[in-house]
Every structure is written in structure tokens, then in C-alpha cells.
Ligand SMILES: [Ca+2]
Ligand SMILES: [Ca+2]
């Protein structure tokens, strides 16, 4: 697959001059935009008023088919966008399998088949590649014009953060109207949950568990004491599956922030790898101590998610602690899914002794590109802008107001009421059903977390989102003081980073397991471990990542 892609990339480069305009590859000059105003009053209605176009326009759209969307042309969301715009949207629907490969293949043959707008989900690498070969056109001047992209400006305000740096490519240009996502439940996704009945019976109150020492003693209070009362030593405390190291992040965060991409952290604006620091070594010693005390299940390093799920669903309860987003893997009708209770993050030396947890910042994904064939780039960009409205953003997920979702009533409670989120809507149309109402998540949108967190609770007492919400209270304001989103690399930088950083992460995870289980000795083998990561180009990766990070900071307008 990698080979095929490389060949495709080469083809894209080769054919770049055959493209619609083909301006070639000049030295990279980084542009910095500022907000402006002003628009053509002969063609467009005033900001804040629909329809957008004074005269009817046609915009062609390429999109991947979706098993849940009956017909793109007659879909209610399409009709709404057409009415808002005063436009005919004309869809070219491609099979969803290998959709991005097809988009790249079309680029390789000069982009002649491209519609005005291309929907999808594109990595920054793919966006840069398409941009460098002139297959897509920048929309920065419109994005930064608050009279033109007035819905997008409103979305920035509504989301409460400037997402433009997350969609600004290294040359300073924006090529997409994004999908901006923020979520209360996912932002702290390395929460620790404990099986409350066991700890209650042992007299452990997790409100008093603040330090790594407290946590160890809390686990020791039930370990080996037959908490499920079946006379067998069949319980484990912390368990997981090989591809989920959330439990490890929870513990390591007490020593050093481990929730960053590839264990990268930022402090005073400087990036570093957490695993190369003494704090990480100290954390490993603590986690090894828990392992040696029998508080970490050896299977956590090796089993798959199906085996993990099976453990949670045994007739006898055998699992004491799970990390992540709670007991969603316990069967829907099993009351135990409500008996795993979130506990607070541990106090951390890395955070001045205050609790510290892994945190996901909101994201912005490229989902809408304006192709080289669009003759009127502003019209295309304005289509994206309409999708960014609050009305469209909600419609894209929940469908038609008053039919597919309802305004909440006076007595309705939101799923995240305990966190203070007011009820936002009552879901009527289940998301993954075949329908002709919404685009099932395709295209641009900006839904502030208040919307999804405010969805009215169905009344199901076994809805474990309630446990996530309760746990979230303990995780509010425990994110690291400095953090960063996915770094956007140039193609040259990506060449240096992409594979190398993945290899390092694999090596670190494997070695971590060896340190904890005792195959390697933390004191004796530590230097060799750090040196090995250096020989895998960690310094160069950090240098390149720092460049990307600093560049992204320079695009922040707030
Ligand atoms: Ca149409
Ligand atoms: Ca037992």
C-alpha cells in the first residue's frame, strides 16, 4: 500500500504542470492573513442574510457514497443548503471504498474529472500534496473575510477557540472549510474507573486518594482478598488490552505528561519527548512496583480488545480497574456498567503537585476542498460557509428540526447535567439509519460541545454516559498548562518525521512493557534505551516538530 501511495505521489508531482493552471513550485513563502471585510454587493446579499447569491448559481460536488444516505440530490440537508445559497448543488457520487486514492488518481491525470468542490476527509499531507500540484485552490482570502465567511466567523466565536491555525498549511494558506469537533466525553479519554462495590466493602474512599502512594494502598486494600467472594483468587486490579495504554498514561501523568502525540510534550514553548526524561524513569519504577505487587494484570500488555471485553462480561466480576471512558464494554443490560466509578487523576510533580490528566484539544479536519476546476472560488467557499452555520452543523448530525430532533421541554435533563450543560435537543432519528434527511456527518460543520453534551437523556438508567459525565467532574481543569494539536508538517518535514516517529513509539511501548515486567532493568538498561531512541532520529524529529509548532503558533490570530 505504501508503495502504491509513493507511486501515486510521484505521479501527482509529475503531472502537476498538466494541471488546470499549473503555476509550478516556487520557493515557499509563508503568508499571514488578517481579518478583512468587504464583498461584491452586485452578486451577493448582505452578510447575515439568505440567500447568499443574488442570482441562482450551480456548484458541482464530489462525494463518497454513504450507506445511510438515500439520495444526495433530494436529501433535506441538500435542499436546505440550496435554498440558503440560491444554488443548484449537483453531486457526483463515487464509491466510498478507496475514495481518497481515487481523488489522488484523478490528480495524477490532471484533475480534469474534479467537480468544483470535493467532500471527504483529508490528512494535511494530502491537502498539501494536492495544493502543491495545483489541484486545489486556496480560500484564505475568503475565510479571513468576515463579510463573506460570516457563518465561519460565527463558528469561531461559537466554538470558543481559533481553529484557523489547525487548517492553515505551512505556506500560510487555508484550503478547506473544516469539520470542527469538540467533545466533553472524549477530551479526557484516559480516565480511571474502579469497581466501586469492591472498594466500598474494603472501606476505601477514593475522595482521599490523591497521590501515587494513596492509589497503591487503595488497590492493596482489595488485592488478593477475594473481593468477588467466590473463594478463588481470580481477580485482577488494573487490566487493559495491548493497543490501549490509557491505564499507563493515567499512572505516568503523575510523573510527567504522557498524553501527547507520540509522548511529545510542550513546556515553555519547547517540545520534548517525555520518555527521554528522568521523570519518566521514576514513573516506570512506580508502575513496576504496582506490577510486582500484582496490581497490574500481565495480560494488559498482550491480550486483544475482545478478550478484555470478555473479562468485563464474565458472570463473576474479576476486573477492579479500567482506564479510558468507563465500562462501555460491559453489556448494555448489565448493571455493572454503572458500578465502575471514575476516580480523579493523581497529583503530579509535572503539574506543580496538582492533578494532571491526558487531554485532547478540539480538532479541525479538512473535509471540503475547492478544486482547480472551480471557476468561481468565492461561490464554492461560500457553500462551505453555509455548512458552518449552527443550523447546518446540527442538521448534519441530527437531521431536521422539529421532526428528527425536538426542542427540549422544561423537565428534560441533559446527559451531562452534572457538568452544568443545559438540554440542547431530543434525538428522534437514530444516527445510523438509512434516511434522506442529513449528510450523515459529511462536509463542514462546527458543533460546540454544548450541543452534544446537551442531548437529552433518554431515561435509560444503564446509559453509562452518565458515569462518564460524573467522572468528568473530577477531570475538569486537569489538562496540562501547555498543549498542542496535531502538527502540520511540510512534505519535506513529514518525510523526516512520519515513519521515524512511529518506529520510536513502537519501540518505546515495547520497551516500556519490558521495563515494567522485568525483562529489562530500569536502572541498568535506561541509558541504552534513551540512546536507542536518539539513534532512531529523535533529535531531528524534535527539531522539525519544533519548526512546525512555531509556524502554527505564528498563525494564531487571537
Ligand atoms: Ca441539486
Ligand atoms: Ca475471587
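Since every read-out is calculated from the coordinates, none of them should be taken as a lab result. Keep in mind that what you see is a predicted model, and the values were worked out from it rather than measured. Neighbour counts are summed over all protein chains in view; Cβ atoms, including those assigned to glycine, are modelled from backbone coordinates with ideal geometry.
Numerical summary
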item: Considering residues of the range 537-550 that are surrounded by 18 or more Cβ atoms within 10 Å (Cβ to Cβ) and in contact with a helix residue (DSSP H, G or I) (Cβ under 9 Å, 6 or more places away or on another chain) only, the residue farthest from residue 487 (Cα to Cα); result: 537
item: Cross-chain or 6+ apart pairs with Cβ under 6 Å, the range 66-77 first and closer than 14 Å to residue 432 by Cβ, then within 14 Å of ligand 1 (Cβ to nearest atom); result: 70/436
item: Residue selected from the range 87-99 under the condition more than 12 Å from ligand 1 (Cβ to nearest atom), surrounded by 15 or more Cβ atoms within 10 Å (Cβ to Cβ) and farther than 11 Å from residue 73 by Cβ, by the criterion nearest to the chain's Cα centre (by Cα); result: 99
item: Condition met for residue 409 (part of a loop (DSSP other than H, G, I, E, B), free of Cβ contacts under 8 Å to residues at least 40 places away in the same chain and within 29 Å of residue 478 (Cα to Cα)); result: no
item: Any hit, the range 213-235, residues being crowded, with 19+ Cβ neighbours inside 10 Å, over 18 Å from residue 190 (Cα atoms) and either without any contact (Cβ under 8 Å) to a residue 40 or more places away in the chain or within 16 Å of ligand 1 (Cβ to nearest atom) (or both); result: yes
item: Any hit, the range 65-75, residues being away from ligand 1 (no atom under 16 Å from the Cβ), farther than 27 Å from residue 492 by Cβ and either within 22 Å of the chain's Cα centre (by Cα) or surrounded by 21 or more Cβ atoms within 10 Å (Cβ to Cβ) (or both); result: yes
item: Checking residue 192 against (1) surrounded by fewer than 21 Cβ atoms within 10 Å (Cβ to Cβ); (2) more than 16 Å from ligand 2 (Cβ to nearest atom), the condition it does not meet; result: (1)
